[in-house]
Amino acid sequence: MADTTAPSTTAPTSTTAPGRRKAASLTRTPTWAWALPPVLVLALGFLYPLALVVRQSFTPESLEDGGASLTPYTEVFASTVFREALTTTVWLAVGATVGCLVLGFVLALVIAFVPFPGGKAVARFIDVFLSFPSFLITLALLFIYGSVGMANGAWTGVTGAAEGPFHFLTTPWGVLLAEITYFTPFVMRPLLAAFSQLDTAQLEVASSLGAGPVRIVRQVILPEALPALAAGGSLVLVLCLNEFGIVLFTGAKGVTTLPMLVYSKAILESDYSAACVVAVVNIALSVGLYSLYRVVSRRAGA
């Protein structure tokens, strides 16, 4: 009886030993070996092309053999087109961000705290809206306010005029309207998430103490919404700085932003050095603003 039970006691040890050795070998793998694959993918897919853009920005057309020079930067910075594009990009981005913050805050307040039929469906639609491409919203505005859009068509049909009065879509104000329309849900989404975690008892206490709706919003809701406003606003600001499709599809020929200038220099003029200079400036501006937001939000405890 002792001989028959001896093999059964040693069998489990022999079958589990390879698994233990494999687990031990995994724990002995250096940490850098696990980080190497994603770092290689990031380097080949993003850092290497970015390095090529930066290198090309220091290579003027006369030094295509590989020499480096600051001539492309001095020429681009001295051009009136670049300065106007930089100014237009900044004021459009800031204006659209302010508009999105105000409109997004008001709409989020209504959806979160004003009961109305279909409120939940509207909140879900915000998530779907975030997946829409920017040119789709621009096309919708063109169908409504374009030269041959519904608004101008209704005007000419009623008044008999040769053309309608709505021609602002091809101006900076049309671009601003399109950007506010498209990017407002990017502010509403974090606001709705913040409002969903707000303790309604605070609102009831403030109301019972005689506080009106405006005071409740200013003293109770707004302080809780500041981190979400900062997150949504910073995201919208960076996205507006790099927006290309809206400006292109509105057909605003007099509106030249930095992304549009990159397209013009690279595709239309084949001036790749100047295009890379503008691209580097655009990247530096976006990264700088994002870094500033991180510093401010860290100090604010957001």
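Order S264, S131, most accessible first, counting only protein heavy atoms with a 1.4 angstrom probe.
Details: S264 30, S131 90 Å².
Of S264, S131, the descending order of accessible area is S131, S264.
Please report, as a whole percent, how much of the solvent-accessible surface of the chain comes from carbon and sulfur atoms (probe radius 1.4 Å). Mind showing how you got there, number by number?
Details: 12660 of 18130 Å².
Carbon and sulfur together cover 70 percent of it.
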One quarter of the convex hull surface, Cα atoms only: what value does that give for the chain in nm²? 32.1 nm²
Hey, if we sort D127, D271 by accessible area with the 1.4 Å probe, largest down, what's the order? D127, D271
Given springs between every Cα pair under 10 Å in a Gaussian network model of the chain, which of V76, V236, V175 has the largest fluctuation? V76
On average, how much accessible surface per residue is there in the chain, in Å², for a 1.4 Å probe, leaving out ligands, DNA and RNA? 60 Å²
Considering only protein heavy atoms, what is the solvent-accessible area of T200 at a probe of 1.4 Å, reported in Å² to the nearest 10? 80 Å²
Here the longest stretch of the chain that holds no trypsin sites (Lys or Arg not before Pro) in a DSSP loop having at most 10 other beta carbon atoms within 10 Å is 29-252
Could you tell me, in Å, what Rg and Dmax come out for the Cα atoms of segment 28-132? 24.0, 67
Charge dipole (the chain, unit charges on Cβ, about Cα centre) - positive-most of A68, A231, V262: A231
Which residue, I111, N152, Y272, has the largest displacement toward the positive end of the dipole of the chain when charges sit on each Cβ (Lys, Arg +1; Asp, Glu -1)? I111
Please report, to one decimal in angstroms, the Kirkwood hydrodynamic radius of segment 139-244 built from all distinct Cα-Cα pairs. 17.0 Å
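The values are calculated or read from the model by the stated rules, or taken from the named source; none is laboratory data. Keep in mind the model is a prediction, meaning the values are calculated, not measured. Cβ sites come from the backbone with ideal geometry, for glycine too, and all protein chains shown count toward neighbours. These area figures cover heavy atoms from the full protein model, side chains too; ligands, DNA and RNA do not enter into them. Shrake-Rupley method; radii C 1.70, N 1.55, O 1.52, S 1.80 Å.
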